[in-house]
Amino acid sequence: MKDEILQLAREGNEDKLLKLIAGTRFYPDAIKEAAKFKHTLLVNKLFEQLSFNPYNTITGLTIPQLALVNSALEGYSSGLHFAEVKNMVSLGGNIFHGLNALISESLLTEENVFKLIDCAKDEVQKTTLCDRVENTFDIKCHPGVELSEASSDTKRLNH
């Protein structure tokens with residue numbers, strides 16, 4: 001059953017998927033798969049079927065709702081749909097789920113890292129993500145200071 005649900009999500013087959021998935025525990029998987037193939041309307045329909053609208057929460061997200069947003073964020077990241085990733089991050093999704101998706105799909109390139117960093121909600125999150133990438137992988141993402149600039153700054157400070 002799970003394989004059929006994932007196939008329908010991949011295809012964006014809304015009618016069949018919404019009937020088949022009702023009452024199952026496969027919503028996070030289906031959301032992730034639909035997001036990977038940029039079936040944004042289907043992702044929103046799956047949220048809706050769970051009586052959840054991430055765009056209209058007054059009190060903030062519950063832990064199960066946040067898990068659904070993170071499933072969508074992972075899917076959008078693994079499909080390299082960074083505008084949607086940014087949207088999920090703005091709704092409270094954890095950007096590190098996006099990093100994990102890039103890693104698990106073997107999509108961790110310098111270009112994709114920079115695109116993911118651009119999805120961060122603020123400078124603190126950008127710095128934290130960049131630190132993690134630099135400390136774990138051989139990808140430099142902090143803007144560097146040229147050696148000649150650093151030495152000339154030092155000379156000016158010493159005089």
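The values are calculated or read from the model by the stated rules, or taken from the named source; none is laboratory data. Predicted model, so just to flag it, every value in this text is computed and none were measured. Backbone-built Cβ (ideal geometry, glycine too); neighbour counts: all protein chains shown.
Restricting to the stretch 20-59, give me the number of residues that are surrounded by fewer than 14 Cβ atoms within 10 Å (Cβ to Cβ) and acidic (Asp, Glu).
So the count comes out to 1.
Based on what the data block shows, is residue 80 in a helix (DSSP H, G or I) and among the aliphatic types (A, V, I, L, M)?
Numbers: in a helix (DSSP H, G or I): no; among the aliphatic types (A, V, I, L, M): yes.
For residue 80, the condition - in a helix (DSSP H, G or I) and among the aliphatic types (A, V, I, L, M) - is not met.
Looking only at the stretch 100-150, filter to residues that are exposed (fewer than 11 other Cβ atoms within 10 Å of the Cβ) and among the polar types (S, T, N, Q); which one of those is modelled with the highest pLDDT?
Filtering the stretch 100-150 for residues that are exposed (fewer than 11 other Cβ atoms within 10 Å of the Cβ) and among the polar types (S, T, N, Q), the one modelled with the highest pLDDT comes out as 106.
Do we find a residue being without any contact (Cβ under 8 Å) to a residue 12 or more places away in the chain, of a type outside the set (A, V, I, L, M, F, W, C), more than 20 Å from residue 37 (Cβ to Cβ) and surrounded by fewer than 16 Cβ atoms within 10 Å (Cβ to Cβ) anywhere in the stretch 64-71? Before you say what the answer is, go through the steps one by one.
In the first step, residues of the stretch 64-71 are kept if they are without any contact (Cβ under 8 Å) to a residue 12 or more places away in the chain; the result is 64.
Retained after the next criterion (residues that are of a type outside the set (A, V, I, L, M, F, W, C)): 64.
From the residues that got through so far, the ones that are more than 20 Å from residue 37 (Cβ to Cβ) too are 64.
If we keep only those that are surrounded by fewer than 16 Cβ atoms within 10 Å (Cβ to Cβ) as well, we get 64.
Within the stretch 64-71 (the criterion being without any contact (Cβ under 8 Å) to a residue 12 or more places away in the chain, of a type outside the set (A, V, I, L, M, F, W, C), more than 20 Å from residue 37 (Cβ to Cβ) and surrounded by fewer than 16 Cβ atoms within 10 Å (Cβ to Cβ)), the answer is yes, since at least one residue qualifies.
I need a count of the residues in the stretch 117-141 that are among the acidic types (Asp, Glu) and either in contact with a Lys or Arg (Cβ under 7 Å, 6 or more places away or on another chain) or not in a helix (DSSP H, G or I) (or both). Reasoning before the result, please.
Of all residues in the stretch 117-141, those among the acidic types (Asp, Glu) come to 118, 122-123, 131, 134, 138.
Next cut, either in contact with a Lys or Arg (Cβ under 7 Å, 6 or more places away or on another chain) or not in a helix (DSSP H, G or I) (or both) only: 118, 122, 134, 138.
The number of residues fulfilling the criteria is 4.
Could you please let me know if residue 17 is buried (at least 17 other Cβ atoms within 10 Å of the Cβ), in contact with a Leu (Cβ under 6 Å, 6 or more places away or on another chain) and free of Cβ contacts under 8 Å to residues at least 40 places away in the same chain?
On the way: buried (at least 17 other Cβ atoms within 10 Å of the Cβ): yes; in contact with a Leu (Cβ under 6 Å, 6 or more places away or on another chain): yes; free of Cβ contacts under 8 Å to residues at least 40 places away in the same chain: yes.
Spelling it out, residue 17 is indeed buried (at least 17 other Cβ atoms within 10 Å of the Cβ), in contact with a Leu (Cβ under 6 Å, 6 or more places away or on another chain) and free of Cβ contacts under 8 Å to residues at least 40 places away in the same chain.
Exactly one condition in (1) assigned to a helix (DSSP H, G or I); (2) within 30 Å of residue 143 (Cβ to Cβ) is not met by residue 32; state its number.
Only one criterion in (1) assigned to a helix (DSSP H, G or I); (2) within 30 Å of residue 143 (Cβ to Cβ) is unmet by residue 32, namely (2).
Examine the stretch 49-63 for a residue that is over 22 Å from residue 17 (Cβ atoms), touching a Pro at 6+ places or on another chain (Cβ under 9 Å) and not in a helix (DSSP H, G or I), and state whether such a residue exists.
Of all residues in the stretch 49-63, those over 22 Å from residue 17 (Cβ atoms) come to 56-63.
Keeping just the survivors that are touching a Pro at 6+ places or on another chain (Cβ under 9 Å) gives 61.
Pick out the ones that are also not in a helix (DSSP H, G or I) and you get 61.
The answer is yes; a qualifying residue exists.
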